[in-house]
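Reviewing the structure listed below.
None of the figures in this text is laboratory data; all of them are computed from the coordinates on show. Treat the numbers as computed from the prediction; the structure is a model and nothing was measured. Heads up, the Cβs are rebuilt from the backbone with ideal geometry, glycines too, and the neighbour counts pull from every protein chain shown.
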Amino acid sequence: MAIKVKELKDDALITIQVNKSYYLMAKAASFYILQQLNVQEKGDAYFKEIITKNYEDLNDAERTFYTLILLLAEIEQQAQQANLYNEKEILEPGDPDYVEPKQG
């Protein structure tokens, strides 16, 4: 017996609202997938290859990463257009007043 499923129309374009918490969760997910891909070991060329290859030519992990990157890019583009960014300075090691971050 056939089942019914819902699918977006081909020309559908949906606007969603995303808060900072969700944005940070999506960003954390992209970093997790990036670590699974071992991009640091394979080098920047591999990272560039992922984002320039055809979607169909990527493996499942690469597709997941690519999808999250597209989502994050759209969120960031809309945030930029709506002037929703706060700019702040982050001190680096060697800067005056730099404090080493602590875990815990």
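Put a dot 7 Å past the Cα of Gln40, heading toward its Cβ, do the same for Asn83, and the two dots end up 3.9 nm apart. Overall, the chain carries a charge dipole of about 520 debye about its Cα centre when +1 sits on the Cβ of Lys and Arg and -1 on the Cβ of Asp and Glu, all other atoms neutral.
Eight or more residues apart or on different chains, and alpha-carbon atoms under 19 Å: count the Lys pairs in the chain matching that. Intermediate values should be presented prior to the final figure.
Working: Lys20/Lys88; Lys27/Lys48; Lys27/Lys88; Lys42/Lys53.
Count of close lysine pairs: 4.
The magnitude of the dipole of region 43-82, with charges of +1 and -1 set on the Cβ of Lys/Arg and Asp/Glu and taken from the Cα centre, is near 80 debye.
On the beta carbon distance between Phe31 and Met1, with R0 = 41 Å, the FRET formula returns roughly 0.45.
Provide the convex hull volume over Cα atoms per residue for region 43-82, in Å³. Please list the in-between numbers first.
Values: hull volume 2.9 nm³, N = 40.
Dividing the Cα hull volume of region 43-82 by its residues yields 73 Å³.
Expressed per residue, the C-alpha convex hull volume of region 1-85 stands at 169 Å³.
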